[in-house]
1. Under a crude label model (7 Å from the Cα following the beta-carbon direction), how far is residue 277 from residue 320 in nanometres?
2. Around residue 226, which amide H atoms from residues at least 5 apart in sequence, or from another chain, sit under 5 Å from its own amide H, with H modelled in the peptide plane?
3. Residue 299's amide H: which non-local residues (gap 5+, or another chain) put their own amide H closer than 5 Å, with H modeled 1.01 Å from N in plane and none for Pro or chain starts?
4. Sort 346, 188 so that the residue with the fewest other Cβ atoms within 10 Å of its own Cβ comes first and the one with the most comes last.
5. Which order do the peptides 171-180, 285-294 take when ranked by the mean count of other beta-carbon atoms within 10 Å per residue, highest first?
6. What nm distance separates the two modelled labels at residue 147 and residue 190, each placed 7 Å from Cα along Cα→Cβ?
7. Gap in Å between the Cα centre of the stretch 145-217 and the Cα centre of the stretch 257-313?
8. What's the magnitude of the charge dipole for the stretch 276-347 around its Cα centre, counting Lys and Arg as +1 and Asp and Glu as -1 at the beta-carbon? Answer in Debye, nearest 20.
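Please treat every number below as a calculation from the coordinates, not as lab data. The shown structure was predicted, so the numbers you read here are calculated from the model rather than taken from an experiment. Ideal geometry is used to build each Cβ from the backbone, glycine not excepted, and the neighbour counts take in all protein chains shown.
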Amino acid sequence: MPDSLDDAKIPELKQQAIEWLVRLRADDMTEAEMGAFADWLARDYRHAEAFGYAEDLFDDMVLAVMPGSQPEADAGNIARMTSAAGMRKNRQANQAPVRYRRLLPVLLSLAAVWLFAVILVMPDNSHPLDRLLSDVHTETGEFRNIQLADGSEVLLNTNSAVSVDYGESKRVVTLHHGQARFTVAKDLHRPFEVKAGDLRARALGTVFEVYRSDADEVSVTVQQHAVRVDINGLQQKTPAAALTVQAGQKLRYRLDGALPQLEPVELDQAGAWQQHRLSINDRPLSELVAELNRYRVGRVFLADPELSRLRVTGVFSLDHPDQIVDSVSDVLGLKQTRLAGWWILLHR
């Protein structure tokens, strides 16, 4: 596998070698992959050493699970056979911990490879536990419109999860992660609130969205009327802990306790995802890649940090994320290396 990804994504050489060995023992390895493996092996002598280590691990695994030979019984001496059986039983019992000890590093290595692959395939903002605890969630690339019991509507963006708690005097929706637009039905006796971490957004009108990202940040964008935002733990620090966000404004709040920030926002651009579009105006390529990774299974990587600073402008359809990669690559003159259909490496 290529080892030019971002440092935080690169496995140790031994883990790379195990990945290559697993791939080499598959039946569907392509010529391009074989060439890539040869390049990887020749790049550094330590790659060859790591690959030898991986082969030894797999050989140990085969030896550990291979059944031992059984001595033939002597039909004329039942006592000796019984004694031999008892000796074999004791010997096997003594050898079992040794076999397990030999097998353990192999199992751990295979588990590491599996975990590494799953982490690369799953989007950055995956939250399996939140999905289990939520009432409604969306998969990667899925948009879902939900009508609540009071007539309010919730539009869930990709990879998002919410829970609903309605009572006689309240309407509370918890956004566990992701992004959602709320179109609120009027009910004078039951205020409509959205909880996202320490932040509570109470509707004073009809349409607003809340986005809880994996960057420990929550944002509230108001499209119509206004929203009152309260933040637990900040009331004693600043009067801005409770404020009103008007239409055309966005409030950003970091969950590390930093003061919230209120800023104007272009509603057409901010709400483009609600029409399955991605709108970006003169922004770094790294931001576009981060957005794409929310909407597709797998990851898009930039091989060179210099590429992250390239500027991008455009409106793209989120229904076909890979076509966005193709378009941007053509415009910026970038090449693509695709692995297993999930991972895309952009490079010169």
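1. In this crude label model, residue 277 to residue 320 measures out at 1.6 nm.
2. 204, 205, 206
3. When sequence neighbours closer than 5 places are left aside, the close amide H contacts are 343, 344.
4. 188, 346
5. Working: 171-180: 22.4, 285-294: 19.0.
So the peptides 171-180, 285-294, ranked by packing, come out 171-180, 285-294.
6. Once both label points are built, they end up 1.6 nm from each other.
7. 23 Å
8. For the stretch 276-347, the charge dipole is close to 140 debye.
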